[in-house]
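To start, the structure under review is shown below, and the notes come after it.
The values are calculated or read from the model by the stated rules, or taken from the named source; none is laboratory data. If you're wondering where the values come from, they're calculated on a predicted model, not measured in any experiment. Reconstructed Cβ throughout: ideal geometry from the backbone, glycine too, with neighbour counts over all protein chains shown. Accessible surface areas use protein heavy atoms only, side chains included; no ligands, DNA or RNA. Shrake-Rupley method; radii C 1.70, N 1.55, O 1.52, S 1.80 Å.
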Amino acid sequence: MESKKEPLFEGVTAKELNLKNRLVMAPMTRLRAHADGKASTAMAQYYQQRATAGLIITEATMVSPLSHGYMFCPGIYAPEHASAWRNVTESVHAAGGLIFLQIWHSGRVAHPSLLDGLSPVAPSALAGTGTLHGPSGKVSLPVPEELSLAQIAEIIREFANAAELAKLAGFDGVEIHGAFGYLIDQFLQDVSNKRNDAYGGDIAKRTRFLEEVVAAVCAVFPGRTGIKLSPANTFYGMGDSDPMSLFKYVCQRLNQYDLAYVHFMEPNESDLASGAVIKNVVRTFRADCNHLVIANGGFDKAKASEYIESGLADLISFGRPFISNPNLPYMLELGLPLAEASPTVFYGQGPESVLGYTDFSVVN
Ligand code: PHB
């Protein structure tokens, strides 16, 4: 007699997408693209090896040359980017997988040495905290230039253009990166947004940029657009004076758009140690969110099952375990011991750095 599958490993429908299980591969920056932002052959193999995930969400991908936080991250603003990504989507689809492109503007998390000498842009001229790896070593986040209204309108068009190119590349949908201290998050939180025009001030005004990006991208990919939020993340100096009210409002506003899901990042130990106000993001905001919810951050099989079976989340995304266990759904379902990846291989240096990338054994 065939035993019944646990809910975590059962299929689920997200709008018009049929996921074969509730395990999502989380977006992870791996830095194996070409220097011009074109996806590499190694990337196609890497994502294909992980096609047993219910849904793959790619690494953060630049919507503009000014969104260049890291060397060797991929882009999606030129037609050549779409052609290169097509190899990735075809490889994943050939293996029966579904794949969304995470579209990203890094805002003040960038440096002139990565931007042909230009300054990074942000809602306000306030530097984030932390460092980046530039072409000649470690650099501190600089003071960015405050965006004009015309530049804001241009970035919203860049997000829409990225979604168009993602469609051309054959992606099943896109995820808007609204998290982790990058541009959309910089608009949302009042530590980084001191504007006093239509895009800054009260919560509704700080949420406006996010809403305009969501509306523009949903027009391209209705029902196939997700968004990632990190209300408790403190990295790059993020924080808000009232994160509970801010993200409650954000969730409620998002209910009116034709989204596939909302993807919430839980705080990690360092966020909690640096005083994150919201200790449990999904438990806090689930009730405000009418969309499917993906929970991300620090899950194992037991906790994932608990979240799915109690209805707290509809899907669970795994990051690091997918690096070293390409067929993670199979490993978890059978309770097989998981391989660990060394943090030294998390970030590569371009398309040749395949060590610790495509060489983990695929168990099946
Ligand atoms: C994320 O989606 O969680 C994410 C993506 C890229 C980063 C950091 C976080 O650099």
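Listing for the model above:
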quantity	calculated
Residue pairs meeting the criteria (Cβ under 6 Å; at least 6 apart or on separate chains; first farther than 14 Å from residue 204 by Cα, in region 177-191; second open to solvent by less than 10 Å² (accessible area, probe 1.4 Å) and in a helix (DSSP H, G or I))	178/184; 178/210; 179/185
Options 121, 139: the member that is crowded, with 23+ Cβ neighbours inside 10 Å, among the β-branched types (Val, Ile, Thr) and over 19 Å from residue 249 (Cβ atoms)	121
Test: residue 312 is in a loop (DSSP other than H, G, I, E, B) and either of a type in the set (A, V, I, L, M, F, W, C) or surrounded by 16 or more Cβ atoms within 10 Å (Cβ to Cβ) (or both)	yes
Any pair with Cβ under 8 angstrom, 6 or more apart, that starts in region 15-33 at a residue that is under 14 Å from residue 175 (Cβ atoms) and ends at one that is hydrophobic (A, V, I, L, M, F, W, C) and near the ligand (Cβ under 10 Å from one of its atoms)	24/57; 25/57; 26/57; 27/57; 27/60; 29/60; 29/73
Selected residue (criterion: surrounded by the fewest Cβ atoms within 10 Å (Cβ to Cβ)) from residues of region 124-136 that are under 21 Å from the mean Cα position of the chain (by Cα) and at negative phi	131
Residue check, residue 355 in a loop (DSSP other than H, G, I, E, B) and either over 18 Å from residue 43 (Cα atoms) or in contact (Cβ under 8 Å) with a residue 40 or more places away in the chain (or both)	no
Pick from region 215-235, criterion surrounded by fewer than 24 Cβ atoms within 10 Å (Cβ to Cβ) and in a helix (DSSP H, G or I), ranking: nearest to the ligand (Cβ to nearest atom)	235
Residues located in region 312-325, provided they are out of contact with any Lys or Arg (no Cβ under 8 Å at 6 or more places or on another chain) and away from the ligand (no atom under 14 Å from the Cβ)	321, 324, 325
Cross-chain or 6+ apart pairs with Cβ under 6 Å, region 285-305 first and more than 18 Å from residue 13 (Cβ to Cβ), then part of a strand (DSSP E or B) and among the small types (Gly, Ala, Ser)	296/317
Enumeration of residues in region 156-181 that are open to solvent by 10 Å² or more (accessible area, probe 1.4 Å) and farther than 17 Å from residue 82 by Cβ	156, 177, 180
Residue in region 141-159 that is among the aliphatic types (A, V, I, L, M) and closer than 24 Å to residue 260 by Cα present	yes
Test set (1) open to solvent by 10 Å² or more (accessible area, probe 1.4 Å); (2) away from the ligand (no atom under 16 Å from the Cβ) - residue 200 fails condition number	(1)
Conditions (1) touching a Ser or Thr at 6+ places or on another chain (Cβ under 9 Å); (2) within 25 Å of residue 236 (Cβ to Cβ); (3) open to solvent by 50 Å² or more (accessible area, probe 1.4 Å); number of the one not met by residue 71	(1)
Top-ranked residue of region 190-212 - restricted to ones that are outside any loop (DSSP other than H, G, I, E, B) and under 18 Å from residue 151 (Cβ atoms), ranked as farthest from the chain's Cα centre (by Cα)	205
Residues satisfying the stated conditions in region 261-299, i.e. touching a strand residue (DSSP E or B) at 6+ places or on another chain (Cβ under 8 Å), within 16 Å of the ligand (Cβ to nearest atom) and in a loop (DSSP other than H, G, I, E, B)	266, 297, 299
Single residue of 14, 95, 53 found to be under 22 Å from residue 223 (Cβ atoms) and modelled with pLDDT of 95 or more	53
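For every residue, the table says whether it meets (1) open to solvent by 10 Å² or more (accessible area, probe 1.4 Å); (2) within 24 Å of residue 142 (Cβ to Cβ); (3) within 15 Å of the ligand (Cβ to nearest atom); (4) not in a loop (DSSP other than H, G, I, E, B).
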position: 5; (1), (2), (3), (4): yes, no, no, no
position: 13; (1), (2), (3), (4): yes, no, no, yes
position: 31; (1), (2), (3), (4): yes, yes, yes, no
position: 35; (1), (2), (3), (4): yes, yes, no, no
position: 52; (1), (2), (3), (4): yes, no, no, no
position: 77; (1), (2), (3), (4): yes, yes, no, no
position: 80; (1), (2), (3), (4): yes, no, no, yes
position: 88; (1), (2), (3), (4): no, no, no, yes
